[in-house]
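Heads up: the structure comes next, in structure tokens.
The values are calculated or read from the model by the stated rules, or taken from the named source; none is laboratory data. As the structure is a prediction and not an experimental result, all values here were calculated from the model. Positions of Cβ are generated from backbone atoms using ideal geometry, with glycine treated the same way; all protein chains shown enter the neighbour counts. The protein model used for the area step is the full one, side chains on, heavy atoms only, and it has no ligands, DNA or RNA in it. Shrake-Rupley method; radii C 1.70, N 1.55, O 1.52, S 1.80 Å.
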Amino acid sequence: MVNPANSKKVRVRFAPSPTGDLHVGNIRTALFDWAYARHTGGTFLFRIEDTDTTRVTDEYIAAAIDTLRWLGLQWDEGPEVGGEFGPYLQSQRLDIYSHWAEKFLEQKDAYRCYCTPAELEATREAQRAANQAPGYDGKCRDLTPEQIASYKSEGRESVVRMRMPEGSTTFVDAIRGEVSFEHKFVPDFVLVRGDGSPLYTLAVAVDDILMKVTHVLRGEDLLSSTPRQIRVYQAMGVAIEDYPIFAHLPFVMGQDNAKLSKRNGEVSIAWYREAGFLPEAICNYLALLGWSPGDDRENISMEELTGLFTVERVNSSPARFDMKKLEAINADKIRALNLDEFLVWAMPFLVKSQIISGTDTEIALVKSALPIIQERITRLSEIPAMLNFLFAKNFRVEAESVQKVNDDASKAVLKRALDELTPLAQWTHESIESILRAALIEELGLKPRIAFGSVRIAVTGSTISPPLFESMELLGKTTSLERISSALTL
Ligand code: GLU
């Protein structure tokens, strides 16, 4: 039984195959890997598993690096930072995998298989018909030199397959305890394709050993590849105490209880970034998805996470992704920003939506406006719509709101507001509020929603805006009054 010693300095890796943008599931794994390394004072490695060149692109690799950086999951070894055991892109390590595949062939741990895709399919078909588990039947395990010569003369390509001995593999998973796989369900597997390129199972196992990885924390979907990886370690002649400890994280489920996937809401971290989620909010939320610090808190900082993170506290049952919770945490994190930080986060959203170009005057106005919206937004992407009224060059009331201010009752409200506000000397939100309350609510007896609703549309162009009186103060007297007058002509 595989039960490696646990006394070495921790080295833990995040090893995605970037066949697309990184998703919630990947990032939760990365976060736990990082937190475990930081908690133990160990090393966090970042390795790009890009041997499947048909699916992994340079663009996705660059995006993965960027996403990890944005989240603040700084790696100690990996792309861009290097390290003692590099390179950390598997596509740059192909000679290493060929070397080991050759060695396994020499040792007879592996063999060349000449079966064609059509033959393999026929075998699978027969297995299905006989109700047997599908998998390679070992046909090429013990070919004679004559058979090999004959296959070669037919011009057949060969793959390299690992020989799985009879028996079973048992290992202790740090989250789910002892796990066993009968080898009759782990058929001889391909290490190297016909074109000489390595498969994931070979590359991942070789690298985890050569990079001296002590802990493999990764998604549960990879549990069943563990016995194959252990088989590679054995063929490499690795001592059991040098095998990494495995910890398979439970699946993340969607709201519908199915495994989180594109279909039920799994979207890329790049999407969350554009939608205005803060990295601290994503990390906070994902940290508590399947792991608990031992109480039911919903807010946790990165420092607290690294202080408290242990694999023992990872739950073995699936976690459920809840967008509402993530949004609530994001709103909390936005509220916790100081003004300068909030400004730094807000600016790109405003510039990207072309509401401002970023001049000093604009920045100053944004800075004075941010406090009035800080309590009100859940995502940073709401900022442009909230602050647009302050910067709009050709201001207009939005089409769907026009009919809410062009009836006689609204016009009467606006007219009265204009009359009251025109002589107002001190243009502060307090004075604006008190004068409008006295005139519209107390004297005219209107409901605040009706009275202030019309003024809000006139001044901000929309029914949704930051608090009205503060907005008017920021906008200034001249512009506010101009807008009310022009609403009277709608
Ligand atoms: N590269 C693998 C994947 O993205 C994960 C490797 C591992 O964690 O063992 O699916």
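Worth a mention:
- The residue that is modelled with the lowest pLDDT, among those in segment 4-23 that are away from the ligand (no atom under 14 Å from the Cβ) and either within 20 Å of residue 70 (Cα to Cα) or surrounded by fewer than 17 Cβ atoms within 10 Å (Cβ to Cβ) (or both), is 5.
- Single residue of 431, 480, 486, 454 found to be under 21 Å from residue 383 (Cα atoms), open to solvent by less than 70 Å² (accessible area, probe 1.4 Å) and among the hydroxyl-bearing types (Ser, Thr, Tyr): 480
- Residue in segment 247-265 that is over 17 Å from residue 320 (Cα atoms) and open to solvent by 20 Å² or more (accessible area, probe 1.4 Å) present: no
- Residues located in segment 197-214, provided they are under 25 Å from residue 41 (Cα atoms), open to solvent by 10 Å² or more (accessible area, probe 1.4 Å) and either touching a strand residue (DSSP E or B) at 6+ places or on another chain (Cβ under 8 Å) or within 9 Å of the ligand (Cβ to nearest atom) (or both): 212, 214
- Some residue of segment 74-88 being within 16 Å of the ligand (Cβ to nearest atom), of a type in the set (Val, Ile, Thr) and assigned to a loop (DSSP other than H, G, I, E, B): no
- Checking every residue in segment 313-326 against the condition of being surrounded by 18 or more Cβ atoms within 10 Å (Cβ to Cβ) and in a helix (DSSP H, G or I) gives at least one match.
- The lone exception for residue 377 - which of (1) under 30 Å from residue 337 (Cα atoms); (2) open to solvent by less than 20 Å² (accessible area, probe 1.4 Å); (3) in contact with a Leu (Cβ under 9 Å, 6 or more places away or on another chain); (4) among the aliphatic types (A, V, I, L, M) it fails: (3)
- Once segment 180-196 is narrowed to residues that are within 32 Å of the chain's Cα centre (by Cα) and open to solvent by 20 Å² or more (accessible area, probe 1.4 Å), the residue that is farthest from residue 98 (Cα to Cα) is 180.
- Restricting segment 30-56 to residues that are surrounded by fewer than 21 Cβ atoms within 10 Å (Cβ to Cβ) and within 11 Å of the ligand (Cβ to nearest atom), the residue that is modelled with the highest pLDDT is 49.
- The residues of segment 225-234 that are over 24 Å from the mean Cα position of the chain (by Cα) and open to solvent by 10 Å² or more (accessible area, probe 1.4 Å), listed by number, are 228, 231, 234.
- For segment 165-173, the criterion of being of a type in the set (A, V, I, L, M, F, W, C), crowded, with 18+ Cβ neighbours inside 10 Å, more than 30 Å from residue 267 (Cβ to Cβ) and within 16 Å of the ligand (Cβ to nearest atom) is met by at least one residue.
- Residue list for segment 221-231, restricted to those being in contact (Cβ under 8 Å) with a residue 60 or more places away in the chain and within 12 Å of the ligand (Cβ to nearest atom): 228
- Residue match in segment 332-342 (condition: touching a Leu at 6+ places or on another chain (Cβ under 8 Å), assigned to a loop (DSSP other than H, G, I, E, B) and closer than 22 Å to residue 28 by Cβ): no
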